[in-house]
Amino acid sequence: MSLAVIALILFISIFLLVLYGYPVAFTLGGLSLLYALCFLDFNVLSLLPNRVMGVMDNAVLLAVPLFVFMGIMLEKSGLAERMLSSMASLFGSVRGGMAVSVVVVGALLAASTGIVGATVITMGLISLPPMLRQGYPAPLATGVIAASGTLGQIIPPSVVLVLLGSVLQVSVGALFRAALYPSLLLVGAYIVYILVLGVLRPRQFPTPDRQRVWNRVMLLSVVRSLFLPLLLIVVVLGSILAGIASPTEAAGVGAAGAILLTALQGRLTWSVTKDVCRDTTHLTSMVFMILLGATTFSLVFRELGGDRFLVRLIERSDLPEYQFLALVMLVVFVAGFFIDFIEIVFIIVPVVTPVFVAYGTDLIWLGILLGINLQTSFLSPPFGFALFYLKGVAPPEVTTGHLYRGIVPFLIIQVVLLAVVVFVPHWLGVGG
């Protein structure tokens, strides 16, 4: 048996063990080391410390704990409740105004935090009960919240895009710039769908308050609730897009800004600070342990010749670039049902990247497609993670069937956007 075939067996073994429930970091690193000891020269492992130090010296990855800290701190600040209340009053005279408010606030939270689980849970807790009280059908309410909560996968600054930039070895700032227009189009498509549905099926929405008019007090309340989060987003994201700061520097500013905003809301207590630091340490440790395991796997897989074997296999099969892209997108989509995006980024993406490099594929474009695809899989029944997050905080009368039915229209919107980015990427300023 050739070493290249052994490399593919290693990849399949790891994937199956992860699906079975074994810890990802230890499966990646431990099984790779076992294969290396059995099938490679022992001296190959002398390369591993340099690889590990290369990861630890990567300044871009320092943005991960800082963005995670920023997101968790903002979750504790109470800004989401204020933003939702203000936006609901602003759109109160529009049929479906509360649902539109949820989409807008979800997009702002995504741009502020970039953490899907935190955003879905926060939006579920603060917006699902009032939407149900106002008379929104459970499928529509849960669909809007789940779809809005997962925007953090693609709206920059996104932890997903930071990790993809590291694995694909492309500029994180370039990924952020490329993701901007598709993410704004997605938010706009959600809002248009809600407004059109309000016209076509008005009985699904509560009667709007036509007597409500915009006044100075209302506008001031909206400005107060939106000003600080928008200022933080502009400072963090604007500095990256303008080339003023690196993602790591901007993440540091964002973390400091999140502390300041929480203090201004009167929520910065010792208990909150301790919880935020503990949660940040937990998530960051998980990410970097997986990253170190993935580094070991990548070294062993390449030394076994797995990447070269895949490239030769694709060349011999004469599979066109777009057919291979469709195959990879399908695998990532299905994998998203069962394993977290971090594991997909570190297990699947490094294996297929050399093939895309051989095709001459624009890796920035590939990164955006993967980000949108991962977001779609997070929403897809029956195993979408966002649906499980929302079901965990939903009232007892909201069933899993409600979640499944409600998310279907938003999944269709996601698939249409993915097709647009695949076939006409230049319309959205994405290379193809």
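The values are calculated or read from the model by the stated rules, or taken from the named source; none is laboratory data. These figures come from a predicted structure and were not determined experimentally. Neighbour counts run over all protein chains shown; Cβ positions are idealised from the backbone, glycine included.
The set of residues from the stretch 360-408 being over 23 Å from Ile342 (Cα atoms), surrounded by fewer than 18 Cβ atoms within 10 Å (Cβ to Cβ) and of a type outside the set (S, T, N, Q) comprises Gly360, Val393, Pro395, Pro396, Glu397, Gly401, Tyr404, Arg405, Val408. Among the numbered conditions (1) assigned to a helix (DSSP H, G or I); (2) touching a residue at least 12 places away in the same chain (Cβ under 8 Å); (3) over 20 Å from Phe346 (Cα atoms), the only one that Pro381 does not meet is (1).
Could you please find all residues in the stretch 132-149 being buried (at least 20 other Cβ atoms within 10 Å of the Cβ) and either modelled with pLDDT under 85 or on the phi > 0 side of the Ramachandran plot (or both)? Within the stretch 132-149, Gly149 is the sole residue that qualifies.
When Ala189, Ala174 are checked against the criterion of being in contact (Cβ under 8 Å) with a residue 12 or more places away in the chain, under 14 Å from Leu237 (Cα atoms), over 16 Å from the mean Cα position of the chain (by Cα) and surrounded by fewer than 20 Cβ atoms within 10 Å (Cβ to Cβ), Ala174 stands alone in meeting it.
Listed by first and then second residue, the pairs linking a residue in the stretch 1-27 that is without any contact (Cβ under 8 Å) to a residue 60 or more places away in the chain and assigned to a helix (DSSP H, G or I) to a residue that is surrounded by 15 or more Cβ atoms within 10 Å (Cβ to Cβ) and among the hydroxyl-bearing types (Ser, Thr, Tyr), with Cβ atoms under 8 Å apart and 6 or more places separating them unless they lie on different chains, are Leu17/Thr27. Anything in the stretch 11-34 that is farther than 17 Å from Val345 by Cβ and of a type in the set (A, V, I, L, M, F, W, C)? List them, or say none. If the condition is that a residue be farther than 17 Å from Val345 by Cβ and of a type in the set (A, V, I, L, M, F, W, C), then Ile12, Leu16, Leu17, Phe26, Leu31, Leu33, Leu34 are the ones that fit.
From the list Pro49, Pro65, which residue is free of Cβ contacts under 8 Å to residues at least 40 places away in the same chain, closer than 27 Å to Phe288 by Cα, in a helix (DSSP H, G or I) and out of contact with any Lys or Arg (no Cβ under 6 Å at 6 or more places or on another chain)? Result: Pro49 is the single residue among Pro49, Pro65 that is free of Cβ contacts under 8 Å to residues at least 40 places away in the same chain, closer than 27 Å to Phe288 by Cα, in a helix (DSSP H, G or I) and out of contact with any Lys or Arg (no Cβ under 6 Å at 6 or more places or on another chain). Listed by position, the helices (runs of 4 or more DSSP H) inside the stretch 82-177 whose residues that are farther than 30 Å from Val64 by Cβ number at least 2 are 97-113, 116-134, 138-149.
Condition check ((1) within 15 Å of Leu261 (Cβ to Cβ); (2) modelled with pLDDT of 75 or more; (3) of a type outside the set (Gly, Ala, Ser); (4) surrounded by fewer than 24 Cβ atoms within 10 Å (Cβ to Cβ)) across all residues:
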position	(1), (2), (3), (4)
Ala59	no, no, no, yes
Pro65	no, yes, yes, yes
Lys76	yes, yes, yes, yes
Ser85	no, no, no, yes
Ser89	no, no, no, yes
Met98	no, yes, yes, no
Ser101	no, yes, no, no
Val104	no, yes, yes, yes
Ile115	no, no, yes, no
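Looking at Leu310, Leu283, Leu268, Leu291, just one residue is modelled with pLDDT of 80 or more and either part of a helix (DSSP H, G or I) or in contact with a Ser or Thr (Cβ under 6 Å, 6 or more places away or on another chain) (or both), and that residue is Leu268.
Among the residues of the stretch 418-432, is there at least one that is surrounded by 19 or more Cβ atoms within 10 Å (Cβ to Cβ), modelled with pLDDT of 85 or more and on the phi < 0 side of the Ramachandran plot? Checked the stretch 418-432: at least one residue is surrounded by 19 or more Cβ atoms within 10 Å (Cβ to Cβ), modelled with pLDDT of 85 or more and on the phi < 0 side of the Ramachandran plot. Tallying residues that are over 23 Å from the mean Cα position of the chain (by Cα) and either within 18 Å of Val287 (Cβ to Cβ) or of a type in the set (Val, Ile, Thr) (or both) within the stretch 33-55 yields 5. With respect to (1) modelled with pLDDT of 80 or more; (2) among the aliphatic types (A, V, I, L, M); (3) closer than 30 Å to Gly406 by Cα, the lone exception for Val222 is condition (1).
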